[in-house]
1. Looking at A:157, A:140, A:149 in this structure, which one is facing chain B (nearest Cβ under 9 Å) and more than 18 Å from the chain's Cα centre (by Cα)?
2. Hey, does the stretch B:55-63 have a residue that's surrounded by fewer than 17 Cβ atoms within 10 Å (Cβ to Cβ), among the basic types (Lys, Arg) and within 15 Å of DNA strand D (Cβ to nearest atom)?
3. The conditions are (1) within 12 Å of another protein chain (Cβ to nearest Cβ); (2) open to solvent by 70 Å² or more (accessible area, probe 1.4 Å); (3) within 12 Å of DNA strand D (Cβ to nearest atom), and residue B:2 fails exactly one of them. Which is it?
4. Using the structure shown, decide if residue A:73 is closer than 24 Å to residue B:100 by Cβ, without any contact (Cβ under 8 Å) to a residue 12 or more places away in the chain, open to solvent by 20 Å² or more (accessible area, probe 1.4 Å) and outside the structural domain of residue A:154 (by TED's automatic domain parsing).
5. Among all residue pairs at least 6 apart or on different chains, which show Cβ distances below 8 Å where the first residue, located in the stretch A:77-93, is closer than 20 Å to residue A:11 by Cα and modelled with pLDDT of 90 or more and the second is open to solvent by less than 60 Å² (accessible area, probe 1.4 Å) and among the β-branched types (Val, Ile, Thr)?
6. Regarding residue B:62, is this residue away from DNA strand C (no atom under 11 Å from the Cβ) and among the small types (Gly, Ala, Ser)?
7. Can you find a residue in the stretch B:11-20 that is among the charged types (D, E, K, R), more than 16 Å from the chain's Cα centre (by Cα) and more than 11 Å from DNA strand D (Cβ to nearest atom)?
8. For the stretch B:25-54, enumerate the residues that are among the basic types (Lys, Arg) and crowded, with 17+ Cβ neighbours inside 10 Å.
Number of protein chains: 2
Amino acid sequence: MALGDAILACLTERPMTGYELAKTFDSSIGFFWKADHQQIYRELSKLRDRGHIQGREVVQTGKPNKLVYTLTPEGRTALRHWAARPSTPASTKDDLLVRLHALDSIDIEPLRTDLMARLEHHRDRHANYERILKKRFPEGTAEGRLDLGNLLLLRLGARHEQMVADFCEEALDALSAMSGKATVVPLEDGKREGKG
Amino acid sequence: MALGDAILACLTERPMTGYELAKTFDSSIGFFWKADHQQIYRELSKLRDRGHIQGREVVQTGKPNKLVYTLTPEGRTALRHWAARPSTPASTKDDLLVRLHALDSIDIEPLRTDLMARLEHHRDRHANYERILKKRFPEGTAEGRLDLGNLLLLRLGARHEQMVADFCEEALDALSAMSGKATVVPLEDGKREGKG
DNA sequence: CCGACTTTTGTCCGTTACGGTAAATAACGG
DNA sequence: CCGTTATTTACCGTAACGGACAAAAGTCGG
């Protein structure tokens, strides 16, 4: 149950409602962890049952009342214990990779379309990371533990998106070369600063 | 259900038993898709029920009889249809990243240990990718669609592991710098040449 | 003004996926 | 005899995902 711990991690920053958490999982932490609002509400109930978080109802006029969740000391401890256990490296599980593995049994045209969409997707995300980096860390330095973690995360994210975007480009190139009859895939590893 | 399709993708190469598939999911395709043998057997039953694969029992003396599964034409079609649908970009879901997000609420020592373990893990995997690359594609070129896909995959895998390993190293460096009291994270290689 | 749509805050229910434990069967190696 | 390799399968619990619904107030268009 890592989703629960991801929520606890979010709540270390400030108390939040399920709705705000859902928003958060759509931006910052959501860059590497997807969860929709139902999942979050369900997980919140479990965490509350476990005593890891505590909900305080805030009466609102006009809108339905909201439940602001705060980490309890038990929750903090649980998070620390969870964080002290060795992490398990996650596997990628990307459909695209499976398709490439069976490249000669599938249709290339839709694949090409897909690769182009993905290229755009990863470029967008890369730009987004860079934008946030420039805004939050214009000096490229962090002050304090929390900032350090987020800076590291943003840099990793940016590089990852860059890498995948490059990969999509190369795959498209190779596919073109292939359908053009040549059987050689261009480029080799290392840097490859795009010709702009 | 992408696992089912991953299995179909594997079976395009050659007919296999559940046992062999489990092995495969421990090496080649398993580099980016984890699945243990129970999952695979379960999925195989479903695929057989759906008529996407067909099992042929091979009587063995000494060992339990084995069931060799072959793709049916329906299975091939299903795979092609699946591969023609746009892929959904997968999110990372790595515990380590969640921990970094809550860096100031967790203990650094176990994190450091974990980072070192992960560094080694990703270096090993990188070496493994490079080894396979050198063996299967000494020229760095592919002949034929199937080879192209696998070459691309291996290169992506190698780069990915390299990147994550580098990330672990940087995180460790930054953590050391931090506990040494300085609050500045050293500049990374590559871009970002802001400060002198 | 009415109806449609969005925002905010959730709940319910069903399916898919994952993972631990275990068991049956039989050769081979130490 | 015990452990490992090979092979398949069952049972069971939890984690994760995702569609639909609810309820009440806000905003926009006709």
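The values are calculated or read from the model by the stated rules, or taken from the named source; none is laboratory data. For clarity, every value in this text was computed on a predicted model and none was experimentally measured. Heads up, the Cβs are rebuilt from the backbone with ideal geometry, glycines too, and the neighbour counts pull from every protein chain shown. Heavy atoms of the whole protein, side chains included, go into the accessibility calculation; ligands, DNA and RNA do not. Shrake-Rupley method; radii C 1.70, N 1.55, O 1.52, S 1.80 Å.
1. Testing whether each residue is facing chain B (nearest Cβ under 9 Å) and more than 18 Å from the chain's Cα centre (by Cα) leaves just A:140.
2. yes
3. Of (1) within 12 Å of another protein chain (Cβ to nearest Cβ); (2) open to solvent by 70 Å² or more (accessible area, probe 1.4 Å); (3) within 12 Å of DNA strand D (Cβ to nearest atom), only one is false for residue B:2: (2).
4. On the way: closer than 24 Å to residue B:100 by Cβ: yes; without any contact (Cβ under 8 Å) to a residue 12 or more places away in the chain: yes; open to solvent by 20 Å² or more (accessible area, probe 1.4 Å): yes; outside the structural domain of residue A:154 (by TED's automatic domain parsing): yes.
The answer is yes for residue A:73.
5. A:79/A:12; A:79/B:106; A:80/B:106; A:83/B:106; A:84/B:106
6. no
7. yes
8. Residue satisfying the conditions is B:34 alone.
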